[in-house]
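Below you'll find the structure, written out as structure tokens, and then a few comments.
The values are calculated or read from the model by the stated rules, or taken from the named source; none is laboratory data. Treat the numbers as computed from the prediction; the structure is a model and nothing was measured. Cβ: placed from backbone, ideal geometry, glycine included. Neighbour counts: every protein chain shown.
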Amino acid sequence: MGKQPTRAETKPEEPAGSSDDVGAEQEAPGFLAEVWSAFGSVKVAIILLIVWALGSVLGTVVSQAPPGMDRAAIQRDLIAALGPVLGSLKFHLQLYCVYHSFWYRTVLLLLCVSIVVCTVERSKTTLRRLRRPVVRASLPSVTRMQAAVQGNLRGGAPEETVVTAMEFLRSRRYAVCRADHDQGTDLYARRGAVRLLGPMLVHISVLLVFLGAVYGRSTWFGSFTANAWIEKGGWHHDSRTDQYFLLRDFHVPFRPGQDGESTVPVDYASDVVVYEPVVSGPAEQRVYVFPDGTGTGPGAEPDGAADVVIPADDPRARSASGGKEVGLRKVREARIRVNHPLMSKGIGLYQQDWGTIVDLVFESRGADGTTQAARATWVLHGGTQPREGDALARLGVGANAHSLIRLKRDAYGRHVAQGGDNQVVPTNNRLPLGPSLYIEGAASPQDAMAGQWQDLGYLSPSHPLKFGDVTIRMSKVTPFTGLEAKRDPGVGLVMFGFAVAIVGLVLAFYVPLRQARVKVVQLKDGGIRVAAGATAGADEASARRLIEGLAEALELVPRGRGGKR
Amino acid sequence: MSDEGLRAMEAIASKTVFVALVLSGIAYAIAWAARGSKVVPRMGAVLAGAGLAGCAVIFISRGLQPEAPRLPLTTLYEFAVIFTAGIVGFYLVASIRWDLRSIGTPVMALACAVFGLGSKWYQAVEPTLMPALNSVWLNIHVVTAMLAYGPLAVGAMTGAYALVLYARESPGGRRAAASRDDGDGEASGAKPLTGDDLDDITYRTIAFSFPWLTALIITGAIWAQYAWGTYWAWDVKEVWSLITWIIYAAYLHMRLMRGWRGRVTAAFGVVGLALVLFTWVGVQWLATHTSWVQSLHTY
């Protein structure tokens, strides 16, 4: 604490109702005052905490709908699953999204109000205690402290005793306040008064976290989350911040296995280059200039990595003017890994996923010699098995037009690949980045519904499969990195709230507040009566040591055995 | 030391922990029954110390594995070892200050249960971690968990014993207990612990661990911010850790602001540990064995 109070003349606190309100007209408190008083009550705070806990429990035991699902579809599903009464109840009480429901947010709002009121109310007392501690105390309140002593001194001046006590307490790094009155002098000393700020800081920190969460999650303030699946060499343009991200390279190192690499990734890493336009301007006015000097025309989107990049030291970049784009300038390069996001202009790019886009071609040669073709695309994610329907296709051509093929889910990610004549050979294949997929087929949708799937074997770019009269080819395999672009402007506030919480908790629970009181009273027979007491929270022994030391310094003999001077 | 040597050392240490904790629990039980002995409770403490040392040996031997040179704080087994060390370590430190012999047996039983549960999930050291676990925040997160959960476990035991003493101190209980005496403190000549004393110790352990419990949630949130881009995703594990924090916050408000003491606050200490254990084990079990609970925190 800053400057230590010394001989401050401190007025004792007046008992409640002793001054201003004596004789004052008793007025019924207004509605707002009652509400304020209710929210300032600890009982209400405890009730709100328990309701918050119970509501949170509810969200973990009742199945929650995936985020972003259509409300009408949720209502339909709930009524179908639970019946019209329970389904409607669950829907209208928003039990399918407890943590975003109106009532849960209301509880949080009420809790915030309670914290605000409690903080304001307690802060007044806390600051008053810090600035103007109550120095005067009754004799019983001194002797009832954790450690206490009292006795008489048969000589000397009271002032000398007071000064000795003050010097002793200051030598123990106590801040001492003094109050002189008709009967004598009272001393109040304390150490670790900063502890008093702890609870206030903790309450403020909770508010900061809530505020940061609301600020950060609200789209009004520019918060967003977007998926950015980028192929190697591909681009992602963030229109909100007008940044371009080029995926230069993408690595998935795999854990060593018995026969080389296994299918378990150790890390996902995306090498990304960040570009920004040389001159900001509306997209439709931009002219993208290629290195060879040709332009794509206003509003044309860049197509291809190298084509649009102009180094910052290029004269055309420096001469950009007139609100027209002349190119993109490289801002930085970074490797994005799990736990190591790229932060750029308030946007975070997080490594979340990886996988492979597989382009399939189904070909059938007709009786007239012409070839019919159909296409399908599967997006296979690296970390998770494909869900039903993710890797399913109808052939759509030839006599087997209604036949279906799908990725055999059990074989997904298996550490195998095809050898000659479709023989399975253990290899370093890294599905789904690897080129082979085990395929099964059903001759008709009815067969598929009946679960009558037949193994067709491994499909790879160099190894087509035949199903009936249809040839299945893997025409292209494109690995992609799954980045997530996020902007949360409230994160800083939340982190600040966390820091304040830690400081507050350390002050509140780990900084002991040690207090001591000394009462020196001049007796009618000329003697001096001294009472001293100390408290030190959990560290009662230190309070005892302090009082023993003080008694020794004052040469105080406990009452009943006579004092000496 | 060779890979095999370290594994052998870990196996021996693992058995040592279990045996030492069981014997320590028995020693404390004998001390409780025999009342007057000073030697037996000391033996209990020495054996508990041996269990703690065993946990340290497991920690070191796993950390020194040449194929995975990192702090062994990632698997459920490794967390159970740390949790056990937290319980036993805090109990021994707290015993210096308070006379906790009467709860020695339940504390050692709890430590054994945690260690035994962890052994059920034993995994040899994995050479590589899943990408999300490669973070310094994981280490900080787990260490804060040890510093929070260990004292909370001891606090729950003192709370439970306080409830037993309160039941005995009630008119009916007093009659039933008239012919017997716990003997707490008799050996050392100290005043026997009362229900209020134990309730006070429960409060002090919770007050010690609450900042760590908060730090546990905060470090987890910071880690999640780096890994997933969001400090809070309402994942089941996150929510249950929040519920635990709320309950302890309510406890501290009741105790500090309302001045509540006695059965209710002692019971809160026990309920709090139940929530801690559910957050650690229950959520993990539900997420891996049921379809309606899904969690990102299943390792």
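Quick look at the values:
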read-out: Set A:Lys519, A:Lys524: member being of a type outside the set (A, V, I, L, M, F, W, C), free of Cβ contacts under 8 Å to residues at least 24 places away in the same chain and within 26 Å of A:Ala157 (Cβ to Cβ); value: A:Lys524
read-out: Count of residues meeting criterion [assigned to a loop (DSSP other than H, G, I, E, B) and at pLDDT 90 or above] in segment A:318-364; value: 3
read-out: Residue satisfying condition, being at negative phi, modelled with pLDDT under 85, among the small types (Gly, Ala, Ser) and not assigned by TED's automatic domain parsing to the domain that holds A:Val176, within set A:Ser37, A:Ser41, A:Ser18; value: A:Ser18
read-out: All positions within segment B:120-130 that are surrounded by 15 or more Cβ atoms within 10 Å (Cβ to Cβ) and either at pLDDT 90 or above or among the charged types (D, E, K, R) (or both); value: B:Glu126
read-out: Selected residue [away from chain A (no Cβ under 13 Å) and either touching a Leu at 6+ places or on another chain (Cβ under 9 Å) or closer than 21 Å to A:Trp52 by Cα (or both)] from B:Gly269, B:Gly262; value: B:Gly269
read-out: Residue check for A:Asp390: at pLDDT below 85, assigned to a helix (DSSP H, G or I), surrounded by 13 or more Cβ atoms within 10 Å (Cβ to Cβ) and among the acidic types (Asp, Glu); value: no
read-out: Which numbered condition A:Ser542 fails, given (1) more than 10 Å from chain B (Cβ to nearest Cβ); (2) touching a residue at least 60 places away in the same chain (Cβ under 8 Å); (3) among the small types (Gly, Ala, Ser); value: (2)
read-out: Yes/no for B:Ala224 being more than 9 Å from chain A (Cβ to nearest Cβ) and either over 19 Å from B:Thr144 (Cα atoms) or modelled with pLDDT under 90 (or both); value: no
read-out: Residue identified as outside any loop (DSSP other than H, G, I, E, B) and within 14 Å of chain B (Cβ to nearest Cβ) among A:Val518, A:Val503, A:Val530, A:Val477; value: A:Val503
read-out: Test: residue in segment A:443-464 that is at pLDDT below 90, under 39 Å from the mean Cα position of the chain (by Cα) and not basic (Lys, Arg); value: no
read-out: Condition check for B:Val125: within 14 Å of chain A (Cβ to nearest Cβ), without any contact (Cβ under 8 Å) to a residue 24 or more places away in the chain and not aromatic (Phe, Trp, Tyr); value: no
read-out: Among (1) surrounded by fewer than 20 Cβ atoms within 10 Å (Cβ to Cβ); (2) in contact with a Phe, Trp or Tyr (Cβ under 7 Å, 6 or more places away or on another chain); (3) more than 30 Å from A:Met343 (Cβ to Cβ); (4) not aromatic (Phe, Trp, Tyr) - the single one B:Ile222 does not satisfy; value: (3)
read-out: Residue in segment A:32-48 that is facing another protein chain (nearest Cβ under 9 Å), in contact (Cβ under 8 Å) with a residue 60 or more places away in the chain and within 27 Å of the chain's Cα centre (by Cα) present; value: yes
read-out: Number of the condition not met by B:Arg97 [criteria: (1) buried (at least 18 other Cβ atoms within 10 Å of the Cβ); (2) of a type outside the set (A, V, I, L, M, F, W, C); (3) within 14 Å of another protein chain (Cβ to nearest Cβ)]; value: (1)
read-out: Within segment A:49-71, tally of residues that are at the interface with chain B (Cβ under 9 Å from one of its Cβ atoms) and of a type outside the set (Phe, Trp, Tyr); value: 12
read-out: Residue count for segment A:66-100, restricted to those that are closer than 25 Å to B:Asp235 by Cβ and either in contact with a Pro (Cβ under 9 Å, 6 or more places away or on another chain) or in a loop (DSSP other than H, G, I, E, B) (or both); value: 9
read-out: Evaluation of B:Trp240 against (1) in a helix (DSSP H, G or I); (2) more than 7 Å from chain A (Cβ to nearest Cβ) (one fails), failing number; value: (2)
